[in-house]
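Below is one structure, written out as C-alpha cells; comments come after it.
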Number of protein chains: 2
Amino acid sequence: MTGIKKSAQASVEAMYRVFTIPEAPDSTLSRIDQDISRNLAGFLQDHIVAVERDLADVEKNFSEYSVPEKPIFVSEQTQFLLDKLVANSVHTASPAFIGHMTSALPYFMLPLSKIMIALNQNLVKTETSKAFTPLERQVLGMIHRLVFEQDGSFYRKWMHNPRYALGAMCSGGTVANLTALWVARNHAFPAEGNFRGLQQEGLFRALKYYGYEGAAIVVSRRGHYSLSKAADILGLGRDALVTVATDSNNRIQIDALREKCLQLQKQKIKVIALCGVAGTTETGNVDPLEAMADIAREFGAHFHVDAAWGGPTLFSRRYRSLLKGIEKADSVTFDAHKQLYVPMGVGLVVFRDPSLASAVEHHAQYVIRKGSRDLGSTTLEGSRPGMAMLIHSGLKILAREGYELLIDTGIGKARTFAAMIDEAEDFELITRPELNILTYRYCPAQVRQALESADEMLAEKINTSLNRVTKFIQKTQRERGKAFVSRTRLEPDNYYNFPCIVFRVVLANPLTTADILSDILAEQRLLAGENGIADEMAILNNLAAGARARA
Amino acid sequence: MTGIKKSAQASVEAMYRVFTIPEAPDSTLSRIDQDISRNLAGFLQDHIVAVERDLADVEKNFSEYSVPEKPIFVSEQTQFLLDKLVANSVHTASPAFIGHMTSALPYFMLPLSKIMIALNQNLVKTETSKAFTPLERQVLGMIHRLVFEQDGSFYRKWMHNPRYALGAMCSGGTVANLTALWVARNHAFPAEGNFRGLQQEGLFRALKYYGYEGAAIVVSRRGHYSLSKAADILGLGRDALVTVATDSNNRIQIDALREKCLQLQKQKIKVIALCGVAGTTETGNVDPLEAMADIAREFGAHFHVDAAWGGPTLFSRRYRSLLKGIEKADSVTFDAHKQLYVPMGVGLVVFRDPSLASAVEHHAQYVIRKGSRDLGSTTLEGSRPGMAMLIHSGLKILAREGYELLIDTGIGKARTFAAMIDEAEDFELITRPELNILTYRYCPAQVRQALESADEMLAEKINTSLNRVTKFIQKTQRERGKAFVSRTRLEPDNYYNFPCIVFRVVLANPLTTADILSDILAEQRLLAGENGIADEMAILNNLAAGARARA
C-alpha cells in the first residue's frame, strides 16, 4: 500500500509515509512477514522452485541497468521478489541440500534478527551501539574462553578493558583470517630503533630494516583460499603463501612443515605465521595443532588456527580432543554463520594475548577516540551491524549442551553416511569423515576392482572418465532440485595423486535423516544410468573389462 | 516456549524443536515480532531508555565469560535482551539524533530483511545464491550507471558477463575503499617480463622490479580514517597515505596536490592512487573531482572517489553537479547503509573499467571456479548475505525521484539549520553545509567579538575554553537522551588553525523537523548555563571582558 507516487506536493507526503506508516496488516509484504513467522519451512517450500532454471534465463529478470525514475508500490516489488528472486533462490535450509556449509537455522534467529535490524546499531563506536558494545565484548570473551580456557581473573581484567580487545567481530571467516594475519604481519616487524614499525613504514622498509628477502605464511595444501587472498591483500603476494604436503588424512605433514620453515629461514624469508586448519573446507580434517604450535614457537612465528568450520567442535566433550593444541594458538578464526547456526554473515577472530590487537590499532577524531571502549579501533571493518546479539542468543538458548548435541549428531551422521557408502558396491568413499564432512563418488564395483590394480596410465584413464561421470551426476542432481551435494577436486595417494573430482558432503543440518542420505545415493545411482552419461559409462566399463581380461 | 532443557533423550527432541517448530504466536518473542511490524517507532520509543546509563554499569549485565552449560528458554533470553540490551541501545532512528550517519529506515526494509534472512543465501557463489547473483550484478550495474553513465550496449555487454564484474559488494565503505585500493595497488605493479606481478610476488619485489623506493596514496587531510587503515593493511604503511592541505571549504588544494605528486615522483615513490572525497565525514564537503581526475591522469595514478556518504547526491538533479568529475574516477565507493537507507551493513565499490577487478581475481576448486558467474572471485569477503536485495528494493520502491527528494530535503534542512545558527547570537557556524552536514558550536556573542580581533595567544586561550564547553554540552545532551549531536575537531583558518572541538550534525533523517532543530539549540543553550560548566563559562567571560577592555 505504501509507496511513492509522484504528483507534485504529494510526493513529499508519500515519502514520509514509507518512513512513518507501517505496512498495512493485509498487504502482500505483511502477509509474507506473518507467513514466515508462522511457518518458515512452509514458506521456503512453497516459494522456492525446486527445478533449477538456467542462470542466463534468470538474468533476464535482472537486465534493467538504470535506476528507475518513478517509484513503484511496495506490493509490486514484493510480488516481483517472490516470483523472480525467491522462486529462483537456493533452499539452503533443506535437509537434502548437504553440499554447502549453510544449514537450517533455529527458529528464534529470525524474530531476533528483526529486533537487531529494527535497532540498526553501528558497532564501530559506543555512541551508536551502547550496550551492544559490552555484549560484543562478552561474546568475544566467551569464545576466547572456549578456545583458550583462561581463568576468571583473566576475563575480569581484560574482557571489558577499553584499551584491549580479546578479538574482533567480522563479516565472516575470510575477514577474520585476514585480520589475524594482518596482526601477525605487523607484529613480526615491530618498531625498533629508528624504524617505526611495519604498520607505519610499510613492508618494503620493514624487510629492508630487518634484513629479510621476503616474508611467508605457511599452511597445508588444504588451507582455505581466503589465506592466499590475504597474502595478496597484505602485500606479501600469493607466492608468500607457502603450502605444505598433507598426509593421507589431509593433515599437514609435520616433518615437511619443519623442513619448509628451515628452508625459508635459509633463504632469509621471515616466517610470519603458521596456519593450522581445524576443519578443512573440502574434507573436514584437523591439522596436528599441538605439533604445529611447537614449530611456530621454534621459528618465532605467529600461530593462527583457521577453525571457521571446526571451532564449535570444542563444545563437544567427546570430540573436542580432536582440536588439541588450539589453546596454544595466538589467534583463532570462528565462523558464526556456520556451526553457530547464526544467519549469514558473521565471523570472528580471538587473540590469546589481549595486547596483540594493538598491532593494528587506529583512531580518528570523530569516532573511536583513544581511550574509548569503541571496538572499531581494532577491527578491519568500520560500520558493523549488531550480529553479536544473535551469537549471544545462540550461546544462551542452545548453550554448550545444545551445540554439543548438534556437533555430535553431525559427526555421527557423517559416520552413518560413510558406512552406507562403504556398504554400497557402486560408491567409493574418498575421504573418511573426521568431523562431519566426507567425500565420495559413484564408482561401479568392476571399475573399482580395475582401479585397485591399475598402473598409473590406466588409473589416469579411469579417473578421467569417472570425473566426467561425477560432474554429470552432481550437476544434474542439483538441477533436478531434490537434493544437492557439492563437488571438489582431490588428489588421492592411491591413484598416483591424479586429480579426482568427488562429491563433497557437509552434515550440519540437524534435520537431515538417514533416509534422506539413502535417497541421495539412490538418485545418484539412477542418474548414472541416464542417457546423458551413457557413452562415458560405456568407456568406463570397457576400461574395466580390458583390465579384467589382462588380469 | 521453545528451548532446550536437558533430560536424557528428551534433549535431542528439544533441539529439533527449535529447528522445526515456530515460536508460539503468544510467546514473548512473537509478540515483539508483531509489535515491530505494527509499530516500529512505538517499539523503539517504548523500549529504549532515553537517559544514558554509564557503560561501566551496563557492562555488569555482560560480565559472564563462560558459555553457559544449560540451555535457557527463548522467552527468558528475549526478556533479557529487552531489559538489558534493547533498553540500553541507541535510538538511531530518532529524528532528534542527528549526530551520526544512521537514520530512520523506510518501513518496508524490515519485513524485506526478514525474507532475506529467512532465505539465508550466500553470495560467494551461485550454487548458494542463484537469482541473488544476477540481482547483485544488476544492483552493481545500476550504481555503475548512476556514476559513470555508460550506454545500454555497455551494460548489455558487461553486467552479467561471468568473466567481469562492474564492482564488488562489501560489508561497508571501509571494505569498499580497501577493495578499490587493493585493485589500484595490484594494477600499478602488473606482470611484465619475468616479473609475475605484485599480486603474485608481493610489494617488496614489485618496488624492486619497477625501481621505486615506495608507493603512496594521496588524499586530502579530511579523508576518512579507513584510508589510512587500508594503507596499513595493504602493506604500504600508514606513512604511505600522504595527506594534502584543504582550502577553507575543506576541499583538497589542487596546487598543493600536484606539488605533492611531483615531490613523490622525485623521491621515486610511485603514486598508486589519488582519493577524492565526495562528502567528507566531518563536514560533508566535496573535493574538486574533475581537477583531481586530470592530475591522476597526469601521474598515471588510479583515481578513486570515496562517495560513501555523498554518492546518492547523484540522484538529485539540483545537486548532482556538486560531484562533477566523479564519472572520470576509476573506482567509486558507495555506502548503502547510509544514504540508500538500507540496514547496517552494506556498501559497494564500482569500477569504471569492467576488467579492472581482474587485478584481484582469485579462484578455488570448491567455489568460484574459473568461468563461473560467482561474484566471490573478485570480492574481498567470502561468504556474504543477500543485502543486495534490500538495495534493489530501495532503488525500485523509492526510485530516483524518492532518493532525490531525500537528498534535496536533507540539504535544504541543513541550510535551514545553518540559517538558524547564523541568526542565533550565541552560536557560531563553523562549516557551512555543502551537502547535509554542518558543524557549529556554542559561543556567546561577546566571546565571538573577542575572537574576531584576538591575536594567536588569546584565540588559543578562548578556543581551549570553548572546547571544554562544547565537550560538556555534547556529552551532557547525549546523556540526557532527548537529542544527540556528535563532536569532532577541526582546525579553522580564522583561528590560526587551532584545534577546535565542534558539534557535528548530519541531516539525513527525513523525520527531523525545524522544530526539533530549534529545540536542540535551546537545550544546548540551557546546558551552557548549568552548574557543571559554570567555572569554565566564567573564564570565558573574563577572557572576553579583558579583550573588550583592551580594545
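Since every read-out is calculated from the coordinates, none of them should be taken as a lab result. Source: prediction; values computed, not measured. Every residue, glycine among them, receives a Cβ derived from its backbone with ideal geometry; neighbour counts consider all protein chains shown.
Some values worked out for this structure:
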| read-out | value |
| --- | --- |
| Inter-copy separations for B:Glu530, label at 7 Å along Cα-Cβ, nm, ascending | 7.1 |
| Whole-Å distance, taken between Cα centres, linking region B:247-325 and region A:322-350 | 40 Å |
| Dipole magnitude of region B:291-360, debye to nearest 20 (Cβ charges: Lys/Arg +1, Asp/Glu -1, about Cα centre) | 360 debye |
| Magnitude of the charge dipole, region A:230-281, Cβ model with Lys/Arg +1 and Asp/Glu -1, debye to 20 | 200 debye |
| Minimum Cβ-to-axis distance in chain A for the rotation onto chain B, with residue, whole Å | A:Gly235, 1 |
| Value of relative contact order over region B:402-550, rounded to a whole percent, pairs C-alpha under 8 Å and six or more apart | 27 percent |
| Environment charge at A:Ala329 (Cβ cut-off 13 Å; Lys +1, Arg +1, Asp -1, Glu -1) | -4 |
| Integer Hz, Karplus 6.51/-1.76/1.60 couplings in order for region A:170-184, x for Gly and Pro | 9, 6, x, x, 4, 5, 5, 4, 4, 4, 4, 6, 5, 4, 4 |
| Gyration tensor (alpha-carbon) shape descriptor, region B:271-383, a/c threshold 1.5 | oblate |
| Sorted by Cβ neighbour density within 10 Å, fewest at the top, the residues A:Met537, B:Met159, A:Met169, B:Met292 | A:Met537, B:Met159, A:Met169, B:Met292 |
| Residue-wise HN-Hα coupling along region B:10-19, computed from phi with Karplus coefficients 6.51, -1.76, 1.60 (Hz; x: Gly, Pro) | 4, 5, 4, 4, 4, 5, 4, 4, 5, 9 |
| Calculated from backbone phi, Karplus (6.51, -1.76, 1.60) coupling profile of region A:349-359 in Hz, x at Gly/Pro | 10, 10, 10, 4, 9, x, 8, 4, 5, 5, 5 |
| Label point at A:Thr20 placed 7 Å out along Cα→Cβ; residues across region B:369-413 whose backbone nitrogen lies under 16 Å | B:406, B:409-410 |
| Nearest-first distances (nm) between copies at A:Lys268, label 7 Å from Cα via Cβ | 1.7 |
| Radius 11 Å from Cβ of B:Asp422, net charge of other residues (Lys, Arg +1; Asp, Glu -1) | -1 |
| Residues A:Ala10 and A:Asn39, FRET efficiency given R0 of 35 Å [Cβ-Cβ distance, rounded to 0.05] | 0.35 |
| Over chain A: helical MRE at 222 nm, DSSP H runs n ≥ 4 each giving -39500 (n - 2.57), nearest 500 | -13500 deg cm²/dmol |
| Dipole moment magnitude, nearest 20 debye, region A:402-550 about Cα centre, only Lys, Arg, Asp, Glu C-beta charged | 400 debye |
| Per residue convex hull volume, Cα atoms of region A:1-89, in Å³ | 98 Å³ |
| Per-residue average of Cβ from other chains inside 10 Å of A:69-77 | 5 |
| Kirkwood-type radius of the protein assembly as shown, with distances r between different C-alpha atoms, in Å | 30.3 Å |
| D (Stokes-Einstein, µm²/s), Kirkwood Cα radius, chain B, 1.567 mPa s at 4 °C | 50 µm²/s |
| FRET efficiency, 1/(1 + (r/R0)^6) with R0 41 Å, evaluated for A:Arg317 and A:Ser355 via beta carbons | 0.80 |
| Signed unit charges on C-beta, dipole axis of region A:136-398, positive-most listed residue A:Gly235, A:Gly382, A:Ser331 | A:Gly382 |
| P(r) histogram, all alpha-carbon pairs of region B:402-550 included - 10 Å bins from 0, percent | 11, 41, 33, 12, 2, 0 |
| Pair A:Arg448, B:Phe195: separation of 7 Å Cα→Cβ label points (nm) | 5.4 nm |
| Rounded Å value of the spacing that divides the Cα centres of region B:26-92 and region B:184-207 | 51 Å |
| Long-range HN-HN contacts of B:Phe427 with modeled amide H, under 5 Å | B:Cys443 |
| Cα centroid separation, region B:451-469 to region B:481-534 (Å) | 18 Å |
| Per-copy distances of the A:Arg548 label point, shortest first, in nm (7 angstrom along Cα→Cβ) | 11.1 |
| In region B:485-551, GluC sites (Glu not before Pro) in a DSSP loop with at most 13 other beta-carbon atoms within 10 Å | B:Glu530 |
| Cβ-derived FRET efficiency at R0 30 Å, A:Ala245 paired with B:Ser66, nearest 0.05 | 0.15 |
